[in-house]
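**Student:** Take a look at this one; I'll ask things after.
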Amino acid sequence: MSEWLVLSIAMASACAVVLTIAVLNNRRVAADDDPSETPDVIEYMTMMIGVVYAIVLGLAIAGVWEGRSAAQESVRLEAQALHEVRERSSVYPAEVRDRIRADLDAYVAHVVGEEWRVMAEQGALTERGTELLARVRADVTDYEPQTEHEGQAYQPLVDQVAAADDARSSRGENAGETMPGLVWFGLIIGALVTVGLIFTLQIRRTFRELLLAGLFSALIAFLLFLIWSFDSPFGRGISATASPFLDLFPGAGG
C-alpha cells in the first residue's frame, strides 16, 4: 500500500471519528445547556496539554529527521570514498587497476540493487555486500607497489577503503527504525488525549467548530504519519536514496 494512501486514510479516519463523536455528543446535550459555563481550569489544562504535546511532536520530528539526514550522509561518504578508490587506482598496472574497478562495480551494483531492498525490508546489511567489500579491500592491500608513484598512492587507497567500510557500518546502523516502541506509545496516547480534550470545550455542530475540529485531528494524523515515514531512513517513501552511488557510478543502476 502506498505511503500517501496510508496518510490519506489516516487523516480521513481521524476527521471522521472526531466529527462523528462531536455530532453524537451534541445530540445528548440538553436544550438549556450553556457552553459558556466551561470552567476556566479546563480551558487552561487543554491549552497546556496541547502545548506540551506540540513540543513532544516537534522533538520527535526533529529526531527522526536527524536520523534520516545521518543515513543519507553515510551513503554519500561511502560512495565518495569508493569513487576515490576507483580514480586513484589509475596509477596501478592495468591488470590490478581493472580488477579493483571490476570488484568496485560489483559491490556498488549489489548495494543499489539487492542490499538496498534488504535494508528497506529488514533494516540490515547483507553478507554478500560484506564479502564484496572485503574483496575490494584485498585487491588494494595485497598489491605490493613497484614504483615510488605507486607507493605514494598505496596508503591513501587503503585509507579510502577504510573510510568506505566505516561509512557502510554507519549505513547499517541507520537502516532500522529509530523510534522505540515506548515513544510511539506516548505519541499515540498523547494524540488521543489531545484530540479528546477538545470535547471538554463543548463544541457544537456549527460548520466553523466542526471544520476546526476536523482540521485539528487531520493535522495530528499528518504529523504522526510524518514521524512514521522518517522513522525508517531506507524503508519508506520519504527515505534516503542511493543517488550518490548512481551519480558517481552511473553503470550501477543498470
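**Student:** Please enumerate the residues belonging to region 171-180 that are not β-branched (V, I, T) and not in a helix (DSSP H, G or I).
**Tutor:** Hits for region 171-180 are N174, A175, G176, E177, M179, P180.
**Student:** Same structure, new question: Check R101, R168 and return the single one that is at pLDDT 90 or above, among the basic types (K, R), part of a helix (DSSP H, G or I) and more than 19 Å from the chain's Cα centre (by Cα).
**Tutor:** R101
**Student:** Which is within 28 Å of the chain's Cα centre (by Cα), among the small types (G, A, S), surrounded by 17 or more Cβ atoms within 10 Å (Cβ to Cβ) and modelled with pLDDT of 80 or more, of S232, S239?
**Tutor:** So the residue among S232, S239 that is within 28 Å of the chain's Cα centre (by Cα), among the small types (G, A, S), surrounded by 17 or more Cβ atoms within 10 Å (Cβ to Cβ) and modelled with pLDDT of 80 or more is S232.
**Student:** Using the structure shown, decide if A81 is crowded, with 18+ Cβ neighbours inside 10 Å, touching a residue at least 40 places away in the same chain (Cβ under 8 Å) and in a helix (DSSP H, G or I).
**Tutor:** Against the criterion (crowded, with 18+ Cβ neighbours inside 10 Å, touching a residue at least 40 places away in the same chain (Cβ under 8 Å) and in a helix (DSSP H, G or I)), A81 qualifies.
**Student:** Take R205 and tell me if it is modelled with pLDDT of 90 or more and either in contact with a helix residue (DSSP H, G or I) (Cβ under 7 Å, 6 or more places away or on another chain) or polar (S, T, N, Q) (or both).
**Tutor:** In short, no.
**Student:** Based on this model, can you work out whether F249 counts as within 15 Å of M179 (Cα to Cα) and at pLDDT 80 or above?
**Tutor:** The answer is no for F249.
**Student:** Let me ask another. Return the residues of region 132-170 that are surrounded by fewer than 19 Cβ atoms within 10 Å (Cβ to Cβ), among the hydrophobic types (A, V, I, L, M, F, W, C) and without any contact (Cβ under 8 Å) to a residue 60 or more places away in the chain; say none if nothing qualifies.
**Tutor:** A134, A138, V158, A162 - these are the residues of region 132-170 that are surrounded by fewer than 19 Cβ atoms within 10 Å (Cβ to Cβ), among the hydrophobic types (A, V, I, L, M, F, W, C) and without any contact (Cβ under 8 Å) to a residue 60 or more places away in the chain.
**Student:** If V183 satisfies every condition in (1) modelled with pLDDT of 90 or more; (2) assigned to a helix (DSSP H, G or I); (3) surrounded by 14 or more Cβ atoms within 10 Å (Cβ to Cβ) but one, which is the exception?
**Tutor:** That leaves (1) as the condition not met.
**Student:** Taking the condition in contact (Cβ under 8 Å) with a residue 24 or more places away in the chain and among the hydrophobic types (A, V, I, L, M, F, W, C), does F249 pass?
**Tutor:** yes
**Student:** Another question, then. Tell me the residue from E177, E209, E173 that is surrounded by fewer than 19 Cβ atoms within 10 Å (Cβ to Cβ), of a type in the set (D, E), closer than 30 Å to A12 by Cα and under 34 Å from the mean Cα position of the chain (by Cα), please.
**Tutor:** E177
**Student:** Run A31 past the list (1) part of a helix (DSSP H, G or I); (2) at pLDDT below 75 and report the number of the one that doesn't hold.
**Tutor:** Here A31 clears every test but (1).
**Student:** What residue, among those in region 106-121 that are surrounded by fewer than 17 Cβ atoms within 10 Å (Cβ to Cβ) and acidic (D, E), is nearest to A175 (Cα to Cα)?
**Tutor:** Only one residue tops the list, namely E121.
The values are calculated or read from the model by the stated rules, or taken from the named source; none is laboratory data. Here the structure is a predicted model, which is why all the values come from computation and not from measurement. Quick reminder, even Gly has a Cβ in these numbers, built from the backbone with ideal geometry, and neighbours come from all protein chains shown.
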